[in-house]
1. Consider B:LEU164 carefully, then state whether it is modelled with pLDDT of 95 or more and either open to solvent by 10 Å² or more (accessible area, probe 1.4 Å) or part of a strand (DSSP E or B) (or both).
2. Restricting the range B:194-238 to residues that are open to solvent by 40 Å² or more (accessible area, probe 1.4 Å) and within 15 Å of B:LYS103 (Cβ to Cβ), which is farthest from the chain's Cα centre (by Cα)?
3. Among the listed residues B:LEU254, B:LEU223, which satisfies the condition of being within 25 Å of B:PRO447 (Cα to Cα) and either at pLDDT 95 or above or among the β-branched types (Val, Ile, Thr) (or both)?
4. For B:LEU254, work out the one condition from (1) surrounded by 20 or more Cβ atoms within 10 Å (Cβ to Cβ); (2) free of Cβ contacts under 8 Å to residues at least 40 places away in the same chain it doesn't fulfil.
5. Got a number for residues in the range A:85-94 being within 30 Å of B:SER231 (Cα to Cα) and within 10 Å of another protein chain (Cβ to nearest Cβ)?
6. If I go through the range A:1-14 residue by residue, how many of them are assigned to a helix (DSSP H, G or I), out of contact with any Leu (no Cβ under 7 Å at 6 or more places or on another chain) and facing chain B (nearest Cβ under 7 Å)?
7. Does B:MET122 satisfy being out of contact with any strand residue (DSSP E or B) (no Cβ under 9 Å at 6 or more places or on another chain) and either aliphatic (A, V, I, L, M) or surrounded by 24 or more Cβ atoms within 10 Å (Cβ to Cβ) (or both)?
8. For the range B:334-362, how many residues meet the condition of being more than 8 Å from chain A (Cβ to nearest Cβ) and without any contact (Cβ under 8 Å) to a residue 40 or more places away in the chain?
Amino acid sequence: MSAELNVRHTAQLARLELTDAEAAKFQSQLNQVLGYVRKLEEVDVSGVEPTAHSNQVHNVFREDASREWFTPEVALSNAPRQANQLFIVPKVLE
Amino acid sequence: MDLHSLSLSALQAQFRSGTLTPLDALDALEKRISAVDGRVGGYLSLNRDRARAEAAAADVSLPLGGIPIAIKDVINVQGDPCTAASRILQGYTATYDATVVRKLRAAGAIPFGRVNMDEFAMGSSTENSALQRTANPWDLNRIPGGSSGGSAAVVAADEAFASLGSDTGGSIRQPAALCGCVGLKPTYGRVSRFGLIAFASSLDQIGPFTKTVEDSARVLNALAGKDPQDSTSLDLPVDDYTRLLGRDLKGVKLGMPKEYFIDGIDPQVDAAVRAAIRQYEALGAEIVEVSLPHTEYAVAVYYIIATAEASANLARYDGVRFGKRADDPRNLLEMYVRTRSEGFGEEVKRRIILGTYVLSSGYYDAYYLRAQKVRTLIRQDFTKAFEKVDALICPTSPEVAFKIGDRSGDPLKMYLADIFTIAANLAGNCGISLPCGFANVEGSRLPVGLQLLGKPMEEAKLLSIAHAYEQSTPWHKERPAL
């Protein structure tokens, strides 16, 4: 495992912007955490299947049928900006 | 005895005999909250009017008829705020009831009040709440544990008869231990997560905080079951979780995992847990030593898997559909970035960055995939141990409540507070913490928690084993002086 974490770059991927102080602090704290989790390198995992979930459920389907659910008014009730039953966001294309 | 100090079961008996009404119970809670919550800081908000209307109409013959229950601020109750103690959800009003809330209502209970937590359930002390500080009712200079610190503190301080919390890596059991109440994490999939704000979806599970084990069983009776809205909920019969209460411990085998009795545990915690084990022997249980050899890797596995899942789950907070949006963004990207950077607190940002990193191209196999494989080995440890014993017995937390501010600035040290609780989430089995004594620290008397871990879906047996100990000891009757 390599610990070449660049917090600024990774933060950008997650749509976060860090102040210089935050970047410096997180860099050192997360380097420490990564140093700790590197102990997993000791474990022999050859032939071991990964566990994504403790319940092995597969392909849970339901009828593709309409149900009573939110009205547009309810769905929009927490929107920071809305009009004409739509969420309003800043212009995407110039 | 003051009304607010009653257990849920004792309160219910009085409702049914007609000596008290649900409105009396609400009055008593409101009085208690005004008297002590200024110091404890457990509640974020109360919906008094709705609760009173529901109490006036309550049917006390229902399983939880007329019982007010406090709700962790991460579970949606229609018409109430649900902020996950984050600035990014300030102003948000829930538009639906979580399945657990719908089920509580069907059992006659009254959702009453929102309680504090670490932001997005990320933390072990409730200090990461962006909204409020919560204190431990046993020593107001100390933390209540976390992330469900408010849920634990209000039950311990007699400001609630019961509460709901969520447990991703110990967030029910650890605060229950540190505040001296009973906290149950059901088997993964036993209780629906629909309407719980997601942190780490393969680990999160909702469960109750109560004053007694019997109360815990009663609340679980209402919560458990398959939910079509949560495809990971298990389609298995729901037990009556009070069914085995009162049974003796003859023939019961308890395993002491040797990896949970190690150097570094607070000596007073170690002594209290060992005394509890002797008590179990006196009650007729057989104690055997077992091994969970991959225990030392659990925290590392958890902080890879939980942060990876969190980084995906928290991508939805982008300022488009709900919650906070940054003022006057010039374009869409700036709106996302500023909304998230202004809205999330420090620990949440740290975990999103870590989770994004372990999932990123080039690092996925080394971190995330490897962690998932070690998770398999941790599950197998439990499967093997449970072939030999009915339940495992160990401390909930290696320490008692620490002082507010003591750990901030050292995330790794904070993460290690969950060392004994995390593995049960990774394996998916059920676990409970109950009071087993006190430690005397610098003039304070601080609760110690005993943890019992059970096989998947064996909550009834786990609760009966916990109940036998509780009923033979005085710890659950002790209340903090507030």
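The values are calculated or read from the model by the stated rules, or taken from the named source; none is laboratory data. No experiment lies behind these values; they were computed from the predicted model shown. Methodologically, a virtual Cβ is constructed for each residue, glycine included, from the backbone with ideal geometry; neighbour enumeration extends over all protein chains shown. Only protein heavy atoms, including side chains, enter the accessible area calculation; ligands, DNA and RNA are left aside. Shrake-Rupley method; radii C 1.70, N 1.55, O 1.52, S 1.80 Å.
1. Numbers: modelled with pLDDT of 95 or more: yes; either open to solvent by 10 Å² or more (accessible area, probe 1.4 Å) or part of a strand (DSSP E or B) (or both): yes.
Yes.
2. So in the range B:194-238, the residues open to solvent by 40 Å² or more (accessible area, probe 1.4 Å) come out as B:194, B:214, B:218, B:221, B:226, B:228-229, B:231, B:235-238.
Among the residues that remain, those that are also within 15 Å of B:LYS103 (Cβ to Cβ) are: B:194, B:218, B:221, B:226, B:228-229, B:238.
Working: B:PHE194: 17, B:ARG218: 16, B:ASN221: 17, B:LYS226: 20, B:PRO228: 24, B:GLN229: 22, B:VAL238: 21 Å.
Result: B:PRO228.
3. Details: B:LEU223 fails: within 25 Å of B:PRO447 (Cα to Cα).
Matching residue, one of B:LEU254, B:LEU223: B:LEU254.
4. Single failed check for B:LEU254: (2).
5. Total satisfying the criteria: 1.
6. To start, the set of residues in the range A:1-14 that are assigned to a helix (DSSP H, G or I) comprises A:7-13.
So of that shortlist, the ones also out of contact with any Leu (no Cβ under 7 Å at 6 or more places or on another chain) come out as A:9-10, A:12-13.
Narrowing the set further to residues that are facing chain B (nearest Cβ under 7 Å) leaves A:10, A:13.
Number satisfying all stated conditions: 2.
7. Working: out of contact with any strand residue (DSSP E or B) (no Cβ under 9 Å at 6 or more places or on another chain): yes; either aliphatic (A, V, I, L, M) or surrounded by 24 or more Cβ atoms within 10 Å (Cβ to Cβ) (or both): yes.
Taking the combined requirement at face value, the residue satisfies it.
8. Qualifying residue count, the range B:334-362: 2.
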